[in-house]
1. In region B:1-109, which trypsin sites (Lys or Arg not before Pro) are in a loop and have at most 15 other Cβ atoms within 10 Å, using DSSP for the loop call?
2. Output the relative contact order of region B:98-314, whole-number percent, from Cα pairs under 8 angstrom with separation of 6+ residues.
3. Considering amide H positions built from the backbone, and no H for Pro or chain starts, which residues 5 or more places from A:Asn28, or on another chain, come under 5 Å of its amide H?
4. Using θ = phi - 60° and the Karplus curve 6.51 cos²θ - 1.76 cosθ + 1.60, what whole-Hz ³J(HN,Hα) does each residue of region B:135-148 get, with Gly and Pro shown as x?
5. With a cut-off of 8 Å between alpha carbons and a minimum separation of six or more residues, what is the relative contact order of region B:1-85 in percent?
6. Tabulate in residue order the Karplus-calculated ³J(HN,Hα) for region B:21-33, using 6.51 cos²θ - 1.76 cosθ + 1.60 with θ = phi - 60°, rounded to whole Hz; enter x for Gly and Pro.
7. Region B:62-147: which chymotrypsin sites (Phe, Trp or Tyr not before Pro) are DSSP loop and have at most 13 other beta-carbon atoms within 10 angstrom?
8. In debye to the nearest 20, how big a dipole does region B:1-85 give about its Cα centre with +1 on each Lys and Arg Cβ and -1 on each Asp and Glu Cβ?
Amino acid sequence: MMFMGLYNYWIVVVLMMIGLYIVIAHGNLIKKIVGLTIFQTSVFIFYISIAKVDGGTAPILEDGVSQYSNPLPHVLILTAIVVGIATTALGLALAVRLKEAYGSIEEKHIQDLDNHTLENQSKDEQGC
Amino acid sequence: MKDLVAVVMLAGIYSLLSASFFVVMDAADVAFTEASVGAGISTLLMLVAITMTGRSEHLVRHKPMLALVVVTIIGGLLIYGTLDMPHFGAVDSPIHGYVAPRYINDSMQEVGVINIVTSVLASYRAFDTFGEVVVIFTAGIGVLVLLSVERRPEDDAEIDSLNKAMHEQQLILRIATKMLIPFILLFALYVQFHGDFGPGGGFQAGVIFASAIILYAMLFGLSTARRVINQSFIQLVAAIGVLLFGSTGLVSLLNGGNFLDYNVLFVDPIAGQHLGIFLIEWGVGCTVASVIVLIFFNFAGRRENYKRKKHRETK
């Protein structure tokens, strides 16, 4: 029973590893971005869950309440969520541009195309 | 799962669930933000991106077993690391010492705002928030650089006719939404001004305000929306938001205080704090709203261009 109080961290770790697995194992860039958002949310959950105090309420001052949850992690995560969407949008924009340039957003296709052009370049240089 | 639309929808549901989790954890402000950003805007942006990048995935995983092993090892180590952590909900855990008691006990006398999250966000850690706003602004510029398309006036007619064919089918949706939009805008303003007393503030208000404009752009076409709000005007507002935040800090600096120290803004320190929080929340709201609208406009503009090209090819 000693470790039962730690289950919030374990949920966070499991979510984080799901996100990490998606980022490593999937070649599709949109899926990688979804994986990153899952990873990101797991960090949010970590912060919010350690801010929780037993018997506390939301940190909005009220008469007769003395126990509040910790407001500092809330502030950090609040801003992080909005920054997160802005950076996700940037990632999606990059994916769209890659699609236009390579005709694909699969990591493997892009790599193959790059290798192909590199080989051609080195062949050309040898020819000279 | 091969179908990326399903993946994105599931991600949206996951976001909404985590928002309700934040409510249970007493983080009303965070839940509010997550619900409007994660479940709303981010799902929408991913869907727009998928329309351009294709909705199915080639199922080629590179070395899934190796990835699984790596993930399991890291996860195991992390769980081993948590064994020393304070228990969930413990009152005496180290995070609740240090600055948190001061925020909870003294913020009423020092800032005079009921919502502690707002007073920490906008007053105690305003410098931090300034950084975040600049990051959002920069990300907006990045999207603008990556995706903006120059639109020639002679293409306008063609895009308009393409849009009209699509939009005429959705008459009921258009009329219902048209009635909804003013209420969404009003709610955004309420959230903006009510941030001192309950969950809310510039970040949430900005996102809600932007979602109303995005809704309009989705149903009436991008060119109509651009006629209502000019894109260069939105760019201006985004910059003005950051400028308002920074110059509030500068004014307090010139009045003899520290950067973003609102006590010196007014004769009465509490009134000064209120004025300062009001101004920077406006700055945050303006920047967030206009950056999100800007991001959507650029994604949608790119998509229109893409559709026009396809249309020409089929011709």
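Quick note: the coordinates plus some simple rules give every number you see, no bench work behind them. In this text, all values refer to a predicted model and were calculated from it rather than measured experimentally. We place every Cβ from the backbone using ideal geometry, glycine too, and count neighbours over all the protein chains shown.
1. B:Lys2, B:Arg55, B:Arg61
2. Contact order relative to length: 30 percent.
3. Long-range HN contacts for A:Asn28: A:Glu107.
4. For region B:135-148, the Karplus-derived couplings read 4, 4, 4, 5, 4, x, 4, x, 4, 4, 5, 6, 10, 5 Hz, x marking Gly and Pro.
5. Relative CO of region B:1-85 lands at 35 percent.
6. After applying 6.51 cos²θ - 1.76 cosθ + 1.60, I find 4, 5, 4, 4, 7, 6, 9, 4, 4, 5, 4, 4, 5 Hz.
7. Those satisfying the criteria are B:Tyr98.
8. On the way: 4 positive and 6 negative charges, 103 e Å.
The dipole magnitude comes to about 500 debye.
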